[in-house]
Structure formats: C-alpha cells, structure tokens
Amino acid sequence: PWATLTFDTERWDTAGMHDAVNPERLTCINEGYYLIIANITFDALSGGYRYLLINHSVDGTIAIIETGSASSSGAYPALVLTTIWYMLVGEYVYVRAAQDSGSSLNIIKSNQYSPEFMMIQL
C-alpha cells in the first residue's frame with residue numbers, strides 16, 4: 001500500500017512553502033515553474049520492489065513523476081525523483097512511497113540525505 005510521507009523538519013524555507021499543519025505537502029506561493037525533488041532511502045531487506053512518486057493536488061490520483069527499483073540482498077535502496085512542474089498559487093505537491101517485500105520497512109532518517117523533499121521556483 002502507498003503511504004504519504006510527512007516531513008517534520010526543515011533545512012530552510014525562505015518562501016513559506018512548508019507548513020507544520022500539513023507537513024506532507026509543499027505549497028505553491030507564486031505561480032510559475034518549480035523544480036521539485038524527492039529523495040528517500042529504504043531500510044535494507046532483500047526482495048521486492050521499492051516505489052516513490054510525487055502527486056499534485058489538482059488530481060491526487062495521478063503521479064506527476066514516479067520511479068521504482070528492485071531491492072538486492074543487503075542493499076539500502078535509494079530513490080530520487082526530479083521534475084519541473086507548472087503550478088498555480090495554492091496548489092501543492094506531496095510524496096508517496098510503497099514497497100512489496102512482504103515485511104514492514106522503515107525509511108532511513110538521516111540528517112544528510114533521507115528523507116528529503118524540496119521545491120524551488122525557477
């Protein structure tokens with residue numbers, strides 16, 4: 001099953017796009033094109049696939065970008081998404097992840113690289 005990720009800390013947010021009330025989303029403040037990036041690393045467990053996608057608020061059932069990867073023995077699968085998307089004021093994006101290993105898996109939390117979700121107006 002897909003899980004929507006929440007982000008409870010910020011490195012920086014000069015435009016107020018992240019809000020503690022809705023910690024799963026980044027919201028467009030000024031209409032225009034945005035560079036959107038998501039990065040996560042799953043805990044190690046062999047078998048199955050790991051998936052990552054970014055959804056847009058206009059139609060939350062359709063991913064604007066998605067990736068997946070098979071997991072090998074002992075690996076910590078890292079998934080990265082990067083896209084450019086035109087957004088109107090008030091629209092938002094959010095990250096969803098899934099895996100099908102047959103066991104519960106955590107997403108590695110690191111101060112350096114995972115999980116990360118960012119949006120920059122171009």
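The values are calculated or read from the model by the stated rules, or taken from the named source; none is laboratory data. Please read these numbers as outputs of a predicted model, since none were measured by experiment. Every residue, glycine among them, receives a Cβ derived from its backbone with ideal geometry; neighbour counts consider all protein chains shown. Remember, those area values only see protein heavy atoms, side chains included, never the ligands or the DNA or RNA. Shrake-Rupley method; radii C 1.70, N 1.55, O 1.52, S 1.80 Å.
Suppose we filter region 91-113 for residues that are among the acidic types (D, E) and open to solvent by 60 Å² or more (accessible area, probe 1.4 Å); how many remain? Residues in region 91-113 being among the acidic types (D, E) and open to solvent by 60 Å² or more (accessible area, probe 1.4 Å): 1 in total. On inspection, A15 passes the criterion of being more than 19 Å from A97 (Cα to Cα), touching a residue at least 60 places away in the same chain (Cβ under 8 Å) and out of contact with any strand residue (DSSP E or B) (no Cβ under 6 Å at 6 or more places or on another chain).
If I go through region 69-90 residue by residue, how many of them are of a type outside the set (S, T, N, Q) and at pLDDT 90 or above? Full working, then the answer.
Of all residues in region 69-90, those of a type outside the set (S, T, N, Q) come to 70, 74-81, 84-90.
The next check asks that each one be at pLDDT 90 or above; those that pass are 79-81, 84-90.
Counting residues in region 69-90 that are of a type outside the set (S, T, N, Q) and at pLDDT 90 or above gives 10.
Quick one: how many residues across region 65-90 are outside any strand (DSSP E or B), open to solvent by 40 Å² or more (accessible area, probe 1.4 Å) and farther than 28 Å from M17 by Cα? Residues meeting the conditions: 4. Against the condition without any contact (Cβ under 8 Å) to a residue 40 or more places away in the chain and closer than 17 Å to T4 by Cβ, how does T27 come out, does it pass? So T27 fails the test. Is there a residue being under 11 Å from the mean Cα position of the chain (by Cα) and of a type in the set (S, T, Y) anywhere in region 71-80? No, region 71-80 contains no residue that is under 11 Å from the mean Cα position of the chain (by Cα) and of a type in the set (S, T, Y).
Against the conditions (1) open to solvent by less than 60 Å² (accessible area, probe 1.4 Å); (2) modelled with pLDDT of 90 or more; (3) within 17 Å of the chain's Cα centre (by Cα), D43 satisfies every one except (2).
Out of the residues in region 1-40 meeting the condition of being part of a strand (DSSP E or B) and among the acidic types (D, E), tell me which one is surrounded by the fewest Cβ atoms within 10 Å (Cβ to Cβ). Lay out the reasoning, then the answer.
Filtering region 1-40 down to residues part of a strand (DSSP E or B) leaves 3-4, 18-19, 22-27, 32-40.
Of the ones still in play, those that are also among the acidic types (D, E) are 19, 24.
Values: D19: 13, E24: 18.
Once the filter is applied, the top-ranked residue is D19.
When the residues of region 91-116 are filtered to those that are closer than 16 Å to I37 by Cα and assigned to a strand (DSSP E or B), the one that is modelled with the lowest pLDDT is S114.
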